[in-house]
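> Below you will find the structure I want to go over with you.
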Amino acid sequence: MSPVEAVCLQLAFDYLFPLLPNKSMDPVMPYLREAEEILKQNAASKMRNWKNKVLTLNEGLQLMPAKVNDGVLQNIHAALWDGNTITASYMSKNKAFPSNYELHPAGLVYRGRISYLVGSFANDTSKIIYLP
């Protein structure tokens with residue numbers, strides 16, 4: 001199992017665990033332990049910490065997912081991975097036009113089909129923001 005496969009398995013487990021009966025996870029547990037060991041021994045700290053930067057929350061009502069331009073999510077993932085800032089054009093529900101912001105992304109939260117970028121503005125890192 002590669003470090004990338006180990007992270008994928010851990011994220012899949014975190015997402016599926018509440019949806020499956022407890023005993024159905026027993027056959028998968030050896031693979032999850034192997035994934036943990038691989039990430040402890042072989043992977044860089046970026047790989048080990050990826051699971052802590054992405055959170056998936058399940059919810060009952062399924063909303064329509066937002067349409068995200070090609071490459072946007074990949075750029076956010078790259079910024080999270082490398083710890084870089086991003087420049088984002090964001091339009092709040094109370095404005096008619098988007099504004100550009102420099103952001104320090106801290107993580108992604110998936111709540112059902114709604115995704116949020118969690119982070120802070122570059123000029124005020126003390127305030128945590130959640131951008132849907």
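The values are calculated or read from the model by the stated rules, or taken from the named source; none is laboratory data. In this text the structure is predicted, and so the values were computed from the model without any measurement. In this analysis, Cβ positions are derived from the backbone assuming ideal geometry, glycine residues included, and neighbour counts consider all displayed protein chains. Surface accessibility is based on the protein's heavy atoms, side chains included, excluding ligands, DNA and RNA. Shrake-Rupley method; radii C 1.70, N 1.55, O 1.52, S 1.80 Å.
> What residue, among those in segment 84-132 that are among the basic types (Lys, Arg) and part of a strand (DSSP E or B), is surrounded by the fewest Cβ atoms within 10 Å (Cβ to Cβ)?
Lys127
> Still on this model: For segment 104-115, which residues satisfy the criterion of being in contact with a Gly (Cβ under 9 Å, 6 or more places away or on another chain) and not hydrophobic (A, V, I, L, M, F, W, C)?
If the condition is that a residue be in contact with a Gly (Cβ under 9 Å, 6 or more places away or on another chain) and not hydrophobic (A, V, I, L, M, F, W, C), then His104, Pro105, Gly107, Gly112 are the ones that fit.
> Identify the residue in segment 1-30 that is modelled with pLDDT of 80 or more and farther than 22 Å from Lys53 by Cα and, among all such residues, is surrounded by the most Cβ atoms within 10 Å (Cβ to Cβ).
Of everything passing the filter in segment 1-30, Val28 is surrounded by the most Cβ atoms within 10 Å (Cβ to Cβ).
> Quick check: anything in segment 65-74 in a loop (DSSP other than H, G, I, E, B), farther than 30 Å from Met1 by Cβ, modelled with pLDDT under 80 and open to solvent by less than 60 Å² (accessible area, probe 1.4 Å)?
No; the residues of segment 65-74 include none that is in a loop (DSSP other than H, G, I, E, B), farther than 30 Å from Met1 by Cβ, modelled with pLDDT under 80 and open to solvent by less than 60 Å² (accessible area, probe 1.4 Å).
> Quick check on this structure: which one of Glu34, Glu102, Glu59 is at pLDDT 90 or above, farther than 20 Å from Gln10 by Cβ and not hydrophobic (A, V, I, L, M, F, W, C)?
So the residue among Glu34, Glu102, Glu59 that is at pLDDT 90 or above, farther than 20 Å from Gln10 by Cβ and not hydrophobic (A, V, I, L, M, F, W, C) is Glu102.
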